[in-house]
Amino acid sequence: MSTFVVSEPCAIFWGKILIIGNFYDHIEKMKQKEKNSAIIIPEGCERVLLHSCCAPCSSAIVEWLLSHEIEPIIYYYNPNIYPLEEYEKRKTESQRHAASLGIQWLSDDESGEYSGNGHETWLHEVNGLEHEPERGRRCEQCFYIRLLAAARKAQACGIRYFATTLASSRWKNLDQVNAAGLRAAAKANEENALRGGGQSVVFWAQNWRKDGLQERRNQLLKEYQFYNQQYCGCEFSMRKEQ
Ligand code: SF4
C-alpha cells in the first residue's frame, strides 16, 4: 500500500486555497443575509478607512465590507501598545491579513518624529490616568488619540468615512468608542475648516459585533491562525492580565 506524503510548501499552498475558498463561500452566504442586516451602511459609502487595532478584530469586518462592495483601507495606528515587540507582532499580522486579501494597508508609525510606535507620546497623553480601570477615562483618551489620527488620515486620503475595529470588542465600552470617534471627526473637520476646507470626514458609528460578526471573528482567527494577544495593549492592561 502506498502512502501519500504532502510536502510542506504543497500543504501551505493548499491551506491558502482553502482559506480563499472559505472566504468566498462565506461572502455568498452573507449576501443572502443582507436584507436583515443590523449594520447600517452610511449613504454613498463606497470606501472606508478602517482603523484596525489588530488582525483578528479586523478580519470579520473586512470580510463584511467586501461582501457589501465597500472598499476597506486598513489604517494601523496603535501607539498604546507596549512593549514594541508586541506592537510589531500585531502589526505584522495586520499586514499579513491585508496582503492575503490584496487590500490597501496604511500606517503612520514611521512618519512621526518619534521612534518605534510613538508610545512615549501616548504615555504623555494619558498622563495622570495610569491607575484608571479598563473602560475608564484612560481608555476614553486612548480611543480618542487613535481615532483622531484615523480621522486626519481619512481626510488626507480624501476618504469620507472612517470606522474602527475597536467597536467590535466585547471587552470595550461601545459608547466610549463611538463618542471618541464622533469627537475625533468633529476635531478633524474643525482643523480642516481652519485650513480653508477640503474633504470633511464622518465617523461610521457601528456595533461591529452584530450580524454574527463576533462568531465569524472567532472562526477566522482559527482559519488564518492569527496571533491572538492576551491583553488589551498598554502596560497598565498587561499588568492586570498577567
Ligand atoms: S486598556 Fe486598552 S484601551 Fe485602555 S488605555 Fe490601555 S490599551 Fe488603551
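Here are some notes:
- Checked against (1) in a helix (DSSP H, G or I); (2) at pLDDT 95 or above; (3) closer than 16 Å to W208 by Cβ, M30 meets all criteria but (2).
- The single residue among R195, R138, R216 that is at negative phi, of a type in the set (D, E, K, R) and free of Cβ contacts under 8 Å to residues at least 60 places away in the same chain turns out to be R195.
Okay, residues lined up against (1) touching a strand residue (DSSP E or B) at 6+ places or on another chain (Cβ under 7 Å); (2) among the charged types (D, E, K, R):
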{"site": "V201", "(1), (2)": "yes, no"}
{"site": "W204", "(1), (2)": "yes, no"}
{"site": "R217", "(1), (2)": "no, yes"}
{"site": "L220", "(1), (2)": "no, no"}
{"site": "E223", "(1), (2)": "no, yes"}
{"site": "F236", "(1), (2)": "no, no"}
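- In summary, D175 fulfils each of the numbered conditions (1) at pLDDT 95 or above; (2) within 19 Å of I41 (Cβ to Cβ) with the single exception of condition (2).
- Any chance S100 is away from the ligand (no atom under 14 Å from the Cβ) and in contact (Cβ under 8 Å) with a residue 12 or more places away in the chain: yes
- Qualifying residue in segment 117-138 (condition: under 28 Å from P72 (Cα atoms) and touching a Cys at 6+ places or on another chain (Cβ under 7 Å)): no
- Test: residue in segment 164-171 that is farther than 21 Å from Y76 by Cα, within 9 Å of the ligand (Cβ to nearest atom), in contact (Cβ under 8 Å) with a residue 12 or more places away in the chain and surrounded by fewer than 16 Cβ atoms within 10 Å (Cβ to Cβ): no
- Any hit, segment 102-120, residues being in contact with an Asp or Glu (Cβ under 8 Å, 6 or more places away or on another chain), among the small types (G, A, S) and within 20 Å of F236 (Cβ to Cβ): yes
- For segment 190-223, residues that are under 30 Å from E85 (Cα atoms) and either within 16 Å of the ligand (Cβ to nearest atom) or crowded, with 17+ Cβ neighbours inside 10 Å (or both) total 7.
- Just one residue in the set A186, A150, A154 is in a helix (DSSP H, G or I), at pLDDT 95 or above, surrounded by fewer than 19 Cβ atoms within 10 Å (Cβ to Cβ) and not charged (D, E, K, R); that residue is A186.
The values are calculated or read from the model by the stated rules, or taken from the named source; none is laboratory data. Everything quoted here is computed from the prediction, not taken from an experiment. Virtual Cβ from ideal backbone geometry, glycine too; neighbours counted across all protein chains shown.
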